Amino acid sequence: MSLTKDQIVAANRASWNEAAAHHREHDQWTALLKGFAQPGHSVLDETMAARLQAIGLEGRAVAQLCCNNARELLSIKNLGAASVTGFDFAEEFLDQGRELAAAGGIEAELVQTDINKIPSDYDGRFDLAVVTIGVFGWQPDLAAFFATAQRILKPGGRIFIYEDHPILNMYEDREERLPPVPDESYFRSDPYRSDDGLDYWAKEDYDAKPCFWMFHKMSDVIMALVTSGFAIEDFEEFPHNIGTREQFENQPQQLPLSYVLVGRKEG
Ligand SMILES: C[S@@+](CC[C@H](N)C(=O)[O-])C[C@H]1O[C@@H](n2cnc3c(N)ncnc32)[C@H](O)[C@@H]1O
């Protein structure tokens, strides 16, 4: 049975909310709470911090689309953004984000919404929209996703994307075979169903609600960005892991593991 886009989004939301309690039990959660209690704490890696500083954060209104527990958004505030607003459909993760913000007295607005239904009050309000690590695969409609980014940005505003490389869709998440052996076609078009749960911190399976992952090729992302009215300002692929594929780093036949893509809203 094929699912509608709305059914996919609803299933994924339930699955993300279910995962939040698992993350709370993990050492990384305690480390985040301790970290954000320190002034100026940031979880951003060198690539992301340097590129965002080059774009400029001072005085900027920054939004994050699919912000999860807001660890990156709060870091962006600590790095000098004037204001930060995170959007995510999983209220359980947003509650964790509020706890992290409270731990450091960091001002952040966290809004529970499906990304394609961000209220119109936010239209044209942001200088920068940030999308990172494991977002596009949850989106059944990339054109709608980028239309939302366009809508909430000011003219001349930028979208900063720092994502897992889509070639990783070809490899099963928990496989440690080296050199990597592909399990799926890069060109798979039907959603991939998982019943293993979304606790990517512990990488442990649990008896979980189903969730659905979409395979978007690099060209799908680039063309959706361009056709929604962004001019590409920066695009670079990297050999370093930003998600859960540490084992794929430093290989003689190195796969691209991540990329940065920056678009500027035209007009
Ligand atoms: C892998 S997490 C992002 C992790 C984050 N970049 C980090 O490194 O901490 C993906 C997030 O997307 C959110 N999400 C997925 N589809 C969404 C949608 N349609 N609307 C709003 N949020 C969505 C999930 O709730 C989840 O928090």
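The values are calculated or read from the model by the stated rules, or taken from the named source; none is laboratory data. Computed from a predicted model, the values in this text were never measured in an experiment. Reconstructed Cβ throughout: ideal geometry from the backbone, glycine too, with neighbour counts over all protein chains shown. Accessible surface areas use protein heavy atoms only, side chains included; no ligands, DNA or RNA. Shrake-Rupley method; radii C 1.70, N 1.55, O 1.52, S 1.80 Å.
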Worksheet entry | Per residue accessible area of the chain, 1.4 Å probe, in Å² | 45 Å²
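So what is the 222 nm mean residue ellipticity for the chain from helices alone, if each DSSP H run of at least 4 adds -39500 (n - 2.57) and you divide by all residues, rounding to the nearest 500 deg cm²/dmol?
Calculated mean residue ellipticity at 222 nm is -9500 deg cm²/dmol.
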Fill in: Contour excess over end-to-end distance, with Cα ends at residue 154 and residue 120 and 0.36 nm allotted per residue
10.9 nm
Practice prompt. With N denoting the number of residues in region 126-267, provide Rg(C-alpha) divided by 2.2 N^0.38 Å, to two decimal places.
Written response: 1.10
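By how many nm would the segment from residue 26 to residue 254 lengthen if fully extended, with 0.36 nm per residue of separation less the alpha-carbon distance?
79.0 nm
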Item to complete: Could you size up the charge dipole of the chain around its Cα centre, putting +1 on the beta carbon of Lys and Arg and -1 on that of Asp and Glu, and report it in debye to the nearest 20?
Response: 860 debye
Worksheet item: Rounded to a whole number, what % of the accessible area of region 1-101 do carbon and sulfur atoms account for, probe 1.4 Å?
Response: 50 percent
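Rounded, prolate or oblate for the chain? Axes are the square roots of the Cα gyration tensor eigenvalues, ordered a ≥ b ≥ c, and the cut-off for rounded is a/c under 1.5.
rounded
So for region 126-199, what percent of the C-alpha to C-alpha distances run longer than 20 Å?
Counting pairs separated by more than 20 Å, the tail of P(r) holds 45 percent.
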Worksheet item: Once a ≥ b ≥ c are taken as the square roots of the eigenvalues of the Cα gyration tensor of region 1-73, is the result rounded (a/c under 1.5), prolate (a/b larger than b/c) or oblate (a/b not larger than b/c)?
Response: oblate
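Calculate, in nm to one decimal, what residue 186 and residue 98 gain on full extension: separation in residues at 0.36 nm each, minus their alpha carbon distance.
Length difference between fully extended and current span is 28.0 nm.
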Practice prompt. Let me know the shape class of region 41-186, please: from the alpha-carbon gyration tensor, a ≥ b ≥ c as square roots of the eigenvalues, rounded when a/c is under 1.5, otherwise prolate if a/b is greater than b/c, or oblate.
Written response: prolate
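Going by average Cβ neighbours within 10 Å, how do the peptides 189-196, 105-112 rank, with the highest at the top? The partial results should precede the final answer.
Details: 189-196: 12.8, 105-112: 16.4.
Ranked from most to least packed, the peptides come out as 105-112, 189-196.
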